[in-house]
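Shown next, in structure tokens, is the structure this report addresses.
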Amino acid sequence: MPTVHELATPALVVERDALEHNLVTLARALPRERLRPHVKAHKCIALARRQQLLGHRGFTCATPRELVGLAEAGLGDDLLLANEVVDPDRLRQLARLDARVTVAIDSEATAAAAAAAGLVEVLIDVNVGLPRCGCAPEAAGALADRARALGLEVRGVMGYEGHCVGIPDRAKREELCNRAMDMLLAAHRDVGGSVISAGGTGTYDCNRAATEIQAGSYVLMDTAYQKLELPLRQALHVIATVISVSDGFSICDAGLKSLGMDHGNPEIENGEVLFCSDEHITFKPQRPLRVGERVRVVPAHCDPTVAYHERLHLIDGERVLESWEVDLRGW
Ligand SMILES: Cc1ncc(COP(=O)(O)O)c(C=O)c1O
């Protein structure tokens, strides 16, 4: 069995025990359909299968590619594209899948695009405070009427409270989440349907309004979510090789082309990160390192980190147990 020392670096690895702990923790807290795992956090069919085995039949996706990959892998029981798409070719491709497909719409244009492509089921995406997609809560009812007039079936609403999920203070996080969900519930009263889809890893245990939670990062975790002190473990690391040592600092071969940096610098085991460049981390180690030694880097944001890598290796300490393709990359 290969060891982590034999992996070509930078190598994306996931620690088995931490992974199992995270999967089981959320499956207990949000059993079966209460969790609709967001696959954008891991983009890996092997991991989606584990989530399905734990009872979660539906998945949340950010890109058409994620839906296509899951459907082709036989994981298409109930797929939600929690994102707006207007590309007619991609929408037609989704309509042809052997899968149950629901897409988010937040405008007449996205409703018309879904209907024209032959899609059937939609959710009304509501802006609950994150300035991204979503219609105004008070516009949701009229949009649902319009969608129904176009022949679409409206399953309910979704509204992602992304502006709350990273707030370290739990009381504040919960308060803002409740406010966001009040908006979503108001929209739902006008829209109808059985689905109220929302939530992320930071709000999985305080969002009580949603019928299903779209958490994704809980599987792998990152330094941004560690600040919240959730009962979840760091499972994802990037293994790097020390390629140069100088007086007081060392350099390893992982940089911002192998790490999602939008949440800041990564952390490094037994060292302090000074700065990152394209292919390098310059860091101050706690003990002198030799060229060729391996170091573990903890990404600040798991989702974009995963998307940079072709493979994800399941490890148990030093042993590499399995290697999976990160097969849901792309759009
Ligand atoms: C639509 C949507 N739902 C849910 C999530 C939750 O993801 P996470 O669990 O990583 O916070 C995200 C993350 O950005 C998202 O965009």
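The values are calculated or read from the model by the stated rules, or taken from the named source; none is laboratory data. The model shown is predicted, which means the values in this text are computed figures rather than measured ones. Backbone-built Cβ (ideal geometry, glycine too); neighbour counts: all protein chains shown.
Does region 178-198 contain any residue that is polar (S, T, N, Q), within 14 Å of the ligand (Cβ to nearest atom) and either touching a residue at least 24 places away in the same chain (Cβ under 8 Å) or over 23 Å from Ile105 (Cβ atoms) (or both)?
Applying the first criterion (polar (S, T, N, Q)) to region 178-198 yields 178, 194, 197.
So of that shortlist, the ones also within 14 Å of the ligand (Cβ to nearest atom) come out as 197.
Checking which are either touching a residue at least 24 places away in the same chain (Cβ under 8 Å) or over 23 Å from Ile105 (Cβ atoms) (or both) leaves us with 197.
The answer is yes; a qualifying residue exists.
Sort out which residues of region 25-74 are away from the ligand (no atom under 12 Å from the Cβ) and small (Gly, Ala, Ser), and write them in order of number.
Ala27, Ala29, Ala46, Ala48, Gly55, Gly58, Gly69, Ala71, Ala73, Gly74
Can you name every residue in region 83-136 that is surrounded by 15 or more Cβ atoms within 10 Å (Cβ to Cβ), under 30 Å from Glu175 (Cβ atoms) and charged (D, E, K, R)?
Within region 83-136, Glu84, Asp106, Asp125 meet the criteria.
Quick test of your reading of the structure: Gly151 fulfils all but one of (1) within 16 Å of the ligand (Cβ to nearest atom); (2) in a loop (DSSP other than H, G, I, E, B). Name the failing condition by number.
(1)
Please find, within region 274-285, the residue that is farthest from Ile243 (Cα to Cα) out of those that are touching a residue at least 24 places away in the same chain (Cβ under 8 Å), surrounded by fewer than 20 Cβ atoms within 10 Å (Cβ to Cβ) and not polar (S, T, N, Q). Full working, then the answer.
Just the residues of region 274-285 that are touching a residue at least 24 places away in the same chain (Cβ under 8 Å), to begin with: 274, 279-285.
Filter again for surrounded by fewer than 20 Cβ atoms within 10 Å (Cβ to Cβ), leaving 274, 279-280, 282, 284-285.
Okay, now just the ones that are also not polar (S, T, N, Q), so 274, 279-280, 284-285.
Values: Leu274: 16, Glu279: 11, His280: 9, Lys284: 14, Pro285: 13 Å.
Here the residue is Leu274.
A quick yes/no check of all residues on (1) out of contact with any helix residue (DSSP H, G or I) (no Cβ under 9 Å at 6 or more places or on another chain); (2) farther than 27 Å from Asp98 by Cβ; (3) not charged (D, E, K, R):
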{"position": "Met1", "(1), (2), (3)": "yes, yes, yes"}
{"position": "Pro10", "(1), (2), (3)": "yes, yes, yes"}
{"position": "Glu20", "(1), (2), (3)": "no, yes, no"}
{"position": "Leu23", "(1), (2), (3)": "no, no, yes"}
{"position": "Arg32", "(1), (2), (3)": "yes, no, no"}
{"position": "Lys40", "(1), (2), (3)": "no, no, no"}
{"position": "Ile45", "(1), (2), (3)": "no, no, yes"}
{"position": "Cys61", "(1), (2), (3)": "no, no, yes"}
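Just give me the residues in region 257-268 being buried (at least 22 other Cβ atoms within 10 Å of the Cβ) and either out of contact with any strand residue (DSSP E or B) (no Cβ under 7 Å at 6 or more places or on another chain) or not in a loop (DSSP other than H, G, I, E, B) (or both), in sequence order.
Of all residues in region 257-268, those buried (at least 22 other Cβ atoms within 10 Å of the Cβ) come to 258-259, 266, 268.
Result: Ile268, single match.
Scanning for something under 21 Å from Trp324 (Cβ atoms) and within 16 Å of the ligand (Cβ to nearest atom), does region 75-97 turn up at least one residue?
Among the residues of region 75-97, at least one is under 21 Å from Trp324 (Cβ atoms) and within 16 Å of the ligand (Cβ to nearest atom), which makes the answer yes.
Considering each of Leu328, Leu312 in turn, give the residue that is over 30 Å from Glu174 (Cα atoms), part of a loop (DSSP other than H, G, I, E, B), at pLDDT 95 or above and aliphatic (A, V, I, L, M).
Numbers: Leu312 fails: part of a loop (DSSP other than H, G, I, E, B).
Going through Leu328, Leu312 in turn, just one is over 30 Å from Glu174 (Cα atoms), part of a loop (DSSP other than H, G, I, E, B), at pLDDT 95 or above and aliphatic (A, V, I, L, M): Leu328.
Report, by residue number, each residue of region 1-53 that is in contact with a strand residue (DSSP E or B) (Cβ under 9 Å, 6 or more places away or on another chain) and of a type in the set (S, T, N, Q).
Thr3, Thr9, Gln51, Gln52
Take the residues in region 222-239 that are of a type outside the set (A, V, I, L, M, F, W, C) and more than 10 Å from the ligand (Cβ to nearest atom); name whichever of them is surrounded by the most Cβ atoms within 10 Å (Cβ to Cβ). Walk me through it before giving the result.
First pass over region 222-239, keeping only residues of a type outside the set (A, V, I, L, M, F, W, C): 222-223, 225-227, 229, 231, 233-234, 237.
Subsequent filtering for residues that are more than 10 Å from the ligand (Cβ to nearest atom) retains 223, 226-227, 229, 231, 233-234, 237.
Values: Thr223: 17, Gln226: 15, Lys227: 13, Glu229: 9, Pro231: 11, Arg233: 16, Gln234: 19, His237: 27.
My answer is His237.
Could you grab me the full set of residues in region 1-36 that are within 18 Å of the chain's Cα centre (by Cα) and polar (S, T, N, Q)?
Asn22, Thr25
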